[in-house]
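Since the structure comes first, as structure tokens, the remarks are kept for the end.
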Amino acid sequence: MGEIYLYQEVGSTNQVAEELIYHGAPHFSLVLADSQTAGKGREGRSWTTYPGKALAFSLILYPDPGLIGSAQLEMLSGLGALAVAEALRDHLGLNPEIKWPNDVLVDRKKVSGVLVDLNWSGSDLKGVVIGIGINVLRGSVPDFDLNFPASSLEELGGEEISRLDLLVNLLDSFLKWYPRLGSQTFITAWDAYLAFKGEPVRLVSSGRTVDQGRLMGISPEGSLIILSGTGAERQYRSGEIQLRLVDRS
């Protein structure tokens, strides 16, 4: 690990981490806050982290030409989600799933999200920030309308949970998988946690359905594989695509 930057309250740990990159924060530095008032989500959404209720942190990475190339950048969300899922399984005995590309579910309710921010200087990648939020205790889920059902680990697991112990286990998993990013072992582990495999799903972008089919798995390149009704396979990179189950009622 690099440095640890601990805050009582910030707007967004990702934003703080981005600023620290430009001040020379070391590789694998951790930015951790007890609460966030403007946590960042996908498609510009914000996420409030209430004091004492959740885990909200960001990791600072610097690109390694031998490890993180253009092909691996879109796998970083999967890396964060895999680390969360493994920690929830091994540390808490839960049965998590990864809703491609960046959410972690327990009992098909969202308990964690991952947001990757790339910091560029012209055409050069200056640094990477991986933000992770986990709903740990009761009261951690915001009370506004969500586009996917959410819950907390305490509600789903029925036991008292230490945020610090969970963080340590998660970081252990992250550091284990980071050197394997993009390897077949990594893809296989990511795919093993994939939610909705074999089920009909919709892929949505900007509120519009862009494709529909049966979810088959994750390709060796980290793309989602969808099987259409005609038997044709199509692959999708993450981008701003969201995954939804097809309403079969």
Inset, instruction - Using 0.36 nm per residue of separation minus the Cα-Cα distance, give me the extension gain between ASP64 and ARG237 in nm, one decimal. - result: 60.1 nm
Legend entry - Built amide H within the under 5 Å cut-off of ASP211, gap 5+: LEU203
Legend entry - Under 5 Å, built H, 5+ apart or other chain: amide partners of LEU94: ARG89
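Counting helices only, and only those DSSP H runs with n ≥ 4, report the 222 nm mean residue ellipticity of the chain as the sum of -39,500 (n - 2.57) divided by its residues, in deg cm²/dmol to the nearest 500.
So the calculated ellipticity at 222 nm is -7000 deg cm²/dmol.
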Inset, instruction - Please report how far the C-alpha centroid of the stretch 4-21 lies from that of the stretch 193-224, rounded to the nearest whole angstrom. - result: 33 Å
Inset, instruction - May I ask you to derive the relative contact order of the chain, considering only C-alpha pairs under 8 Å and at least 6 residues apart, and to give it as an integer percent? - result: 16 percent
Inset, instruction - Using the Cα centre as the reference, give the magnitude of the dipole from point charges on the C-beta atoms of the stretch 54-198 (Lys, Arg: +1; Asp, Glu: -1; all else neutral), rounded to the nearest 20 debye. - result: 240 debye
Inset, instruction - Please arrange TYR7, TYR193, TYR62 by counting, for each residue, the other beta carbons lying within 10 Å of its beta carbon, fewest first. - result: TYR7, TYR62, TYR193
Legend entry - Proximal lysine pairs, the chain, alpha carbons under 23 Å, eight or more residues apart or interchain: 14
Inset, instruction - Quick one: which residues, 5 or more positions from LEU245 or on another chain, have an amide H under 5 Å from its amide H? H modelled 1.01 Å from N in the peptide plane, none for Pro or chain starts. - result: ARG202
Legend entry - Förster radius 41 Å - calculated FRET efficiency between ALA189 and GLU19 (Cβ-Cβ, nearest 0.05): 0.80
Legend entry - For peptides 100-106, 54-60, sequence by mean Cβ density within 10 Å, most packed first: 54-60, 100-106
Inset, instruction - Provide the net charge surrounding ALA85, with neighbours chosen by a C-beta distance below 11 Å and charges set as Lys +1, Arg +1, Asp -1, Glu -1. - result: -2
Legend entry - Relative contact order computed over the stretch 200-245 (Cα-Cα under 8 Å; 6+ residues apart), in percent: 38 percent
Legend entry - Ranking of LYS176, LYS197 by count of other Cβ atoms within 10 Å, fewest first: LYS176, LYS197
Legend entry - Packing-based exposure ordering (other Cβ within 10 Å, fewest first) of LEU215, LEU92: LEU92, LEU215
Legend entry - Ranked by how many other beta carbons lie within 10 Å on average, peptides 79-86, 224-231 from highest: 79-86, 224-231
Inset, instruction - Set the Förster distance to 25 Å, then compute FRET efficiency between GLU221 and VAL168 from the Cβ-Cβ distance, nearest 0.05. - result: 0.20
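FYI, it's all coordinate maths here, none of it is from the lab. Bear in mind that the values here come from a model prediction, so they are computed numbers and not experimental data. Cβ atoms come from the backbone with ideal geometry, glycine included; neighbour counts cover every protein chain shown.
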